[in-house]
Amino acid sequence: MKIEVEPLIVKFKHPFGISRWTRTVSRGIIVRVSQDGITGLGEASPNQRYGETLESSTAFAEGVPLPDVMRPEILEETILQVWSKGEGEYSAKAAIDMALFDWVGKVSGKPLYRMWGKDKPHGVTTSFTLGIDTPDVMRQKAEETGPYRVLKLKVGTDSDHVNFEAVRSVTDKVIRVDANEGWKDKHQALDRIHWLNEQNVELVEQPMPAGSWDDLAWLKQHSPLPLFADEDCGRLAGMEKLSDAYHGVNIKLDKSGGLLEAKKMLEKARELDMQVMIGCMTGTSVSMSAGTHLALWADYADLDGHLLIADDPFEGVELRDGQLWVREEPGLGVSERNH
Ligand code: MG
């Protein structure tokens, strides 16, 4: 089996800001695995928060050990072999895992959801993210969210109140908030959560720095809103301790290392009686289609990466009335626009 790795730089429709940074482009890689005239597609969005760059992802993905002859029966062992190449680089691992699932689905003639035992897909409601900006811009962005049923507002700065009020002044939609570790102590976090609880907010993502276990456990006991782990939730190992501190987990392919691990994490979350959101880093229809297949088993989805970028070179998952629908086609159900 052959692998090709290509850098992918796409522009955001609007500059995109969270508590740690603001960006105008998303830098990722596209992976293509091919054999027997069939190509599987995967995508990585390397994240500096986890020590990844475009260069390090590319270096990992190029020359990763793949079997001379790939077969659907050896999908899992092939992914484990990819992982054995080295530590870290989970977004690159995810891109290869996704491409292998796509290839196996195409060879088997089955959409990914059917490989996992579901006959038909359903619509998945996704939140649409409003990055941190000035209150005027945030109000304007909120006015442009017509088709979306749920908004996700990035918070975690001194401007939380004015930004939230700017958005609330033009919409009564359900809002989820994501502090991206931005609230620095548990009392500040609880004050803001109490205030948000009066404002039709559904849940709070990563209120405090990852690893603040004692403070987060205290916050979970006192919070009127469900708390979801994102930066604190990477892979299957480490999930046990999350249930003391959080009500739910945000599972992302770029953090988990791909679909194989993410599906196991989803099952583990159920064992731990935790709620599940399938989220995303920035990305195109490749990664969002893969995530939407998995989200068919989740409680919440935040899969708007392809909706935030200007020129998606791929098409796959479709937005209909604020819901994402995977294509009923083999593999991830994704194609290249210019092919
Ligand atoms: Mg988050």
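For V64, neighbours were defined as the other residues whose beta-carbon sits under 12 Å from its Cβ, and their charges (Lys and Arg +1, Asp and Glu -1) total -1.
Site pair E144 and E87 shows an inter-label distance of 4.2 nm when each label is modelled 7 Å from Cα along Cα→Cβ.
Projecting the Cα atoms of G86, G105, V174 onto the charge dipole of segment 74-174 (Cβ charges, centred on the Cα centre) puts G105 farthest toward the positive pole. Take every Cα pair under 8 Å whose residues are at least 6 apart in sequence, average their separation, divide by the length of segment 46-112, and the relative contact order is 36 percent. Sorting 63-69, 134-140, 199-205 by average packing, meaning the other beta carbons within 10 Å per residue, from highest down gives 199-205, 134-140, 63-69. For segment 117-253, the relative contact order comes to 18 percent (Cα pairs under 8 Å, sequence separation of at least 6). Could you tell me the relative contact order of segment 1-48? Use alpha-carbon pairs under 8 Å, at least six residues apart, and round to a whole percent. With pairs under 8 Å counted, the relative contact order is 37 percent.
Taking a straight line from the alpha carbon of K173, these aspartates and glutamates sit under 16 Å away, with near neighbours fewer than eight places off in the same chain left out: E143, E144, E165, E198, E202, D302, D321. Other residues lying with their Cβ under 11 Å from the Cβ of E231 contribute a combined charge of -1, Lys and Arg counting +1, Asp and Glu -1.
A viscosity of 0.692 mPa s and a temperature of 37 °C, combined with the Kirkwood radius over C-alpha pairs in the Stokes-Einstein formula, give segment 216-339 a diffusion coefficient of 217 µm²/s. Within the chain, DSSP assigns beta bridges of which about 50% are antiparallel (rounded to the nearest 5).
Would you give the gap between the C-alpha center of segment 32-106 and the C-alpha center of segment 169-204, rounded to a whole Å? One Cα centre to the other: 37 Å. Here the 3J(HN,Hα) profile of segment 137-148, calculated from phi with Karplus coefficients 6.51, -1.76 and 1.60 at θ = phi - 60°, is 5, 5, 5, 5, 4, 5, 5, 9, 9, x, x, 8 Hz, Gly and Pro shown as x. Treating each Cα of the chain as one equal point scatterer and applying the Debye formula with no solvent, the log10 of I(q)/I(0) at q = 0.08, 0.09, 0.15 Å⁻¹ comes out as -0.35, -0.45, -1.25.
Compute the FRET efficiency between A310 and Q221 as 1/(1 + (r/R0)^6), taking r as their Cβ-Cβ distance and R0 = 45 Å, and round to the nearest 0.05. E(calc), rounded to 0.05, equals 0.55.
Pairs K13/K264; K11/K85; K152/K255; K93/K120; K13/K186; K11/K152: which exceed 26 Å Cα-Cα?
Checking Cα-Cα distances, K13/K264; K11/K85; K93/K120; K13/K186 exceed 26 Å.
Under unit Cβ charges (Lys, Arg +1; Asp, Glu -1), what dipole magnitude, rounded to 20 debye, does segment 70-116 have relative to its Cα centre?
240
Determine the shape class of segment 1-132: with a ≥ b ≥ c the square roots of the Cα gyration tensor eigenvalues, call it rounded for a/c under 1.5, and otherwise prolate if a/b is greater than b/c, oblate otherwise. Cα axes put segment 1-132 in the oblate bin.
With the helix formula -39500 (n - 2.57) applied to DSSP H stretches of n ≥ 4, the chain reaches a computed 222 nm mean residue ellipticity of -9500 deg cm²/dmol.
Bear in mind that the values in this text are calculations on the coordinates, not laboratory data. Note that this is a predicted model, so its numbers are computed, not measured. Counting neighbours? That spans all protein chains shown, and the Cβs are built from the backbone with ideal geometry, glycine included.
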